[in-house]
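J.: Have a look at this one before I ask anything.
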């Protein structure tokens, strides 16, 4: 199956916490970083995942916010530090390519105004921020 989602990282399910309707799934990425996905109980069942399962972590570039400073005091669970490895700009939007610490890479689609305000350039240190509700999983 082909998907338009640019961000696809591999990992292993570390823990699943079930709620009334939703579950949080904590995944350890191949580089050692941790990502949390909030998905339905039905999705966990349909995927057949449990602790130790290999999964692909998927999220759209438009769901990745970037920070260049402190990220304390946020409810966003997924905070992945990295470095801008490339920056493409157009009339309104920019795509930042981020090399994650300890391996892996992702992209973030933000406005050109935001990229300019953040002073983004190749080599800039950033933290990629992704809400757990925007993370999807695929069983491998």
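J.: Exactly one of these conditions fails for residue 68: (1) surrounded by fewer than 16 Cβ atoms within 10 Å (Cβ to Cβ); (2) over 22 Å from residue 29 (Cα atoms); (3) out of contact with any helix residue (DSSP H, G or I) (no Cβ under 7 Å at 6 or more places or on another chain). Give me its number.
T.: (3) is the only condition that residue 68 fails.
J.: What strands (runs of 3 or more DSSP E) completely inside the stretch 70-140 contain at least 1 residues that are in contact (Cβ under 8 Å) with a residue 60 or more places away in the chain, in contact with a strand residue (DSSP E or B) (Cβ under 9 Å, 6 or more places away or on another chain) and over 28 Å from residue 22 (Cβ atoms)?
T.: Those strands (runs of 3 or more DSSP E) span 125-130.
J.: Oh, and also: What about residue 87, is it under 12 Å from the mean Cα position of the chain (by Cα) and closer than 24 Å to residue 4 by Cα?
T.: no
J.: Going through the stretch 29-47 one residue at a time, which ones are touching a residue at least 60 places away in the same chain (Cβ under 8 Å) and out of contact with any helix residue (DSSP H, G or I) (no Cβ under 9 Å at 6 or more places or on another chain)?
T.: Within the stretch 29-47, 29, 30, 31, 32, 33, 43, 47 qualify.
J.: Output yes when any residue across the stretch 48-58 is free of Cβ contacts under 8 Å to residues at least 60 places away in the same chain, within 26 Å of residue 114 (Cβ to Cβ) and either in contact with a helix residue (DSSP H, G or I) (Cβ under 9 Å, 6 or more places away or on another chain) or not in a strand (DSSP E or B) (or both), and no when none is. Outline the logic, then answer.
T.: So in the stretch 48-58, the residues free of Cβ contacts under 8 Å to residues at least 60 places away in the same chain come out as 50-52.
Add one more test, that the residue is within 26 Å of residue 114 (Cβ to Cβ), and what stays is none.
No; the residues of the stretch 48-58 include none that is free of Cβ contacts under 8 Å to residues at least 60 places away in the same chain, within 26 Å of residue 114 (Cβ to Cβ) and either in contact with a helix residue (DSSP H, G or I) (Cβ under 9 Å, 6 or more places away or on another chain) or not in a strand (DSSP E or B) (or both).
Laboratory data are not the source of any read-out in this text; all were calculated from the coordinates shown. As the structure is a computational prediction, the values presented were derived from the model and not from experiment. We place every Cβ from the backbone using ideal geometry, glycine too, and count neighbours over all the protein chains shown.
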